[in-house]
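First up is the structure itself, then whatever we jot down about it.
The values are calculated or read from the model by the stated rules, or taken from the named source; none is laboratory data. Given the structure is predicted, the values throughout are model-derived calculations rather than measurements. Glycine gets a Cβ as well: all are built from the backbone with ideal geometry, and neighbour counts include every protein chain shown.
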Ligand code: BGC
């Protein structure tokens, strides 16, 4: 079945910012947005590398836009090809998900009347992550004239106005290649790029020019009607995070890429992707749109994952835009990670090791708050220090100027700490990776549990432990007490840590003793944990099976969402931040999220009761983009397939259709990961039992087959699911 291409047949300048995100390519080392090779007025290319952050004094820490590697300029008889001048006679762009190659075919008439066909191809090698390639086919339709190609590296880049780089070195390497070396001005990361341009046809003259900040190779030749040129640009990129001498590494890697040539690099690329898809692909038959949009989501996740290192993780907007400045949120562990745990476990481990390497930052945050253990940053960058901005402008419907709003997430959105622990435990449970748990995971489990034990407060009057002054997943309500999700996950975190201690004591006694000793976890301490577990307040009402989202939620004003329809924005934007805080309006599922994650703790009855109560109070369509996919998974579990499919479609259109209007800021990584969960855990009905994952499919109408693979403890299981009248096949 040919359902592997994301295609655009018309060029609409106004859609460029969002389409640049959609056509992002990458390879787990870097991501590059779909900006055109020749540029376009007002647009600038963006390439983000894992872990390459710079600090901007006072303002923030952000992933830095790297010197651009895609630059490629074509001059026909002196006229520069650019789509905002002359005439675009035809246009097609396609992203081939099968091998990660982005192709654009343009028939263009220059202002002087020369017609040329240009085909640009580019890819970031999955097989050799430091290698990038651009190929350009140029065919004269009707002109005889000189053709000049210019391709190099441009260090004249910024992050929406912020310049991060200092120039260290640049120049030609030989007549066909150049290099550039720069350094971030605060964090001191050195980055080297080397680029070569190669046109194999006879009669072409190559030369290298040392333009300041933009060393360039030029190739000059002639074309007559019907004649073509094929030009290949190769780029190698290294940073001081990869090696001591990035310049030498880049020049050497470039020489190897040139020796291999484009065809060989493309072949290696195709093979590397085939291997990845062999395990990660999901097939939905009977619904091509669903099939393609899920595959697209898995492509975007796969290119954003830290494949080649364990000190970085996937930012909320992947490596595809400036949104959230490249920071890592709970989006990664709770929404994106399950796909990797089950299909690319080595990558999942890298992502979790990032949380191990950032433990020092999390410990410092806890200490600063007068607490124990590790308190993970709500927004995390290189070191694990808190990077959430404290103030941001928020636009309400009737105001043109953004109103500065204090953001409390970095101070009190605590659940991230339990979310990280949940991910560690889940990875261990599914993969059985003992080495990871012993050397990395256990410390995270224990430090996060220590944090909760120190953060819970005893309320003598109510005779319960409470966690006061927090923000739950539903950020419409801040400074609340006993948020069910936070308390429920904190309790789970403490319990799971005790289990890990048992496991260490039985299996790795010496290591366990050393760790417990180092963290001061005496038996008395562990008894205190047990007291907190027993006494921690969860607002569960056994009569109704409802869980109160936080103390006082039931007293808030009820709102009938229908009264505000039709609308195009969130209820918070319509009513304002302060009013929404007083109303039962959820930005995203909160209690339901708890039931979703801890499905072995809470009953089906509780799920049904809370589903019916909270779903009408949740602004699924215009609230957080994290909501719809999980609502879809839950609706499928509840058995409401129509609603499930509706929520699934909403999530599937987030980036491909830009249905939230902010895809220009980058791919919604959590939605992409949530889509996989909606399909595998929701429609596929996969649940983890002590014997491994089992499926209880509930396929939407029209889906005739759902097939995927899951890796459980090193063994690959194939799921091939059909509608209920057909028997599911599990190999
Ligand atoms: C959501 C958070 C999410 C963050 C980053 C916020 O709008 O409410 O749950 O982690 O975006 O995606």
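Flag not set for residue 500, criterion: farther than 24 Å from residue 620 by Cβ and touching a strand residue (DSSP E or B) at 6+ places or on another chain (Cβ under 9 Å).
Residues that are on the phi > 0 side of the Ramachandran plot and more than 16 Å from the ligand (Cβ to nearest atom) number at least 1 in the following strands (runs of 3 or more DSSP E) confined to the stretch 666-717: 692-694. Note on the stretch 270-317: residues that are within 16 Å of the ligand (Cβ to nearest atom) and either assigned to a helix (DSSP H, G or I) or in contact with a strand residue (DSSP E or B) (Cβ under 6 Å, 6 or more places away or on another chain) (or both) total 6.
Being closer than 25 Å to residue 703 by Cβ, touching a helix residue (DSSP H, G or I) at 6+ places or on another chain (Cβ under 9 Å), within 16 Å of the ligand (Cβ to nearest atom) and not in a helix (DSSP H, G or I) is a description that applies to residue 589.
Restricting attention to strands (runs of 3 or more DSSP E) lying wholly within the stretch 1-62, give those where 1 or more residues are more than 16 Å from the chain's Cα centre (by Cα) and under 23 Å from residue 351 (Cα atoms). Spell out how you get there, then give the answer.
Details: elements: 5-8, 30-32, 47-56.
Because the criterion is at least 1 residues that are more than 16 Å from the chain's Cα centre (by Cα) and under 23 Å from residue 351 (Cα atoms), the strands (runs of 3 or more DSSP E) in the stretch 1-62 that meet it are 47-56.
Every listed requirement among (1) touching a helix residue (DSSP H, G or I) at 6+ places or on another chain (Cβ under 7 Å); (2) in contact (Cβ under 8 Å) with a residue 24 or more places away in the chain; (3) away from the ligand (no atom under 16 Å from the Cβ) is met by residue 618 save one, (3).
Annotation: of all residues in the stretch 110-165 being in contact with a helix residue (DSSP H, G or I) (Cβ under 8 Å, 6 or more places away or on another chain) and in a loop (DSSP other than H, G, I, E, B), the one that is surrounded by the fewest Cβ atoms within 10 Å (Cβ to Cβ) is 127.
Counting the residues of the stretch 624-634 that are over 15 Å from residue 597 (Cβ atoms) and either surrounded by fewer than 24 Cβ atoms within 10 Å (Cβ to Cβ) or within 16 Å of the ligand (Cβ to nearest atom) (or both) gives 3. Checking each residue in the stretch 564-614 for being surrounded by 20 or more Cβ atoms within 10 Å (Cβ to Cβ), without any contact (Cβ under 8 Å) to a residue 60 or more places away in the chain and in contact with a strand residue (DSSP E or B) (Cβ under 9 Å, 6 or more places away or on another chain) picks out 571, 584, 592, 595, 602. Are any of the residues in the stretch 17-40 touching a strand residue (DSSP E or B) at 6+ places or on another chain (Cβ under 8 Å) and closer than 20 Å to residue 228 by Cβ? Yes - at least one qualifying residue is present in the stretch 17-40. Considered as a group, the residues in the stretch 547-569 that are touching a helix residue (DSSP H, G or I) at 6+ places or on another chain (Cβ under 8 Å) and assigned to a helix (DSSP H, G or I) include one that is nearest to residue 581 (Cα to Cα), and that residue is 561.
All conditions in (1) surrounded by fewer than 19 Cβ atoms within 10 Å (Cβ to Cβ); (2) touching a strand residue (DSSP E or B) at 6+ places or on another chain (Cβ under 8 Å) hold for residue 199, with the sole exception of (1). With respect to the conditions (1) within 23 Å of residue 367 (Cα to Cα); (2) out of contact with any helix residue (DSSP H, G or I) (no Cβ under 6 Å at 6 or more places or on another chain); (3) surrounded by 24 or more Cβ atoms within 10 Å (Cβ to Cβ), residue 412 falls short on a single one, namely (3). Is the stretch 366-387 home to any residue that is touching a helix residue (DSSP H, G or I) at 6+ places or on another chain (Cβ under 9 Å), assigned to a helix (DSSP H, G or I) and assigned by TED's automatic domain parsing to the domain that holds residue 568? Checking the stretch 366-387: at least one residue is touching a helix residue (DSSP H, G or I) at 6+ places or on another chain (Cβ under 9 Å), assigned to a helix (DSSP H, G or I) and assigned by TED's automatic domain parsing to the domain that holds residue 568. The sole residue among 70, 153 that is touching a residue at least 24 places away in the same chain (Cβ under 8 Å) and under 21 Å from residue 263 (Cβ atoms) is 70.
Taking the criterion of being crowded, with 21+ Cβ neighbours inside 10 Å and farther than 24 Å from residue 238 by Cβ, the residues of the stretch 54-80 that qualify are 74, 76. Looking across 202, 225, 172, one residue alone is without any contact (Cβ under 8 Å) to a residue 24 or more places away in the chain, more than 29 Å from the chain's Cα centre (by Cα) and either under 21 Å from residue 116 (Cβ atoms) or part of a strand (DSSP E or B) (or both). It is 202.
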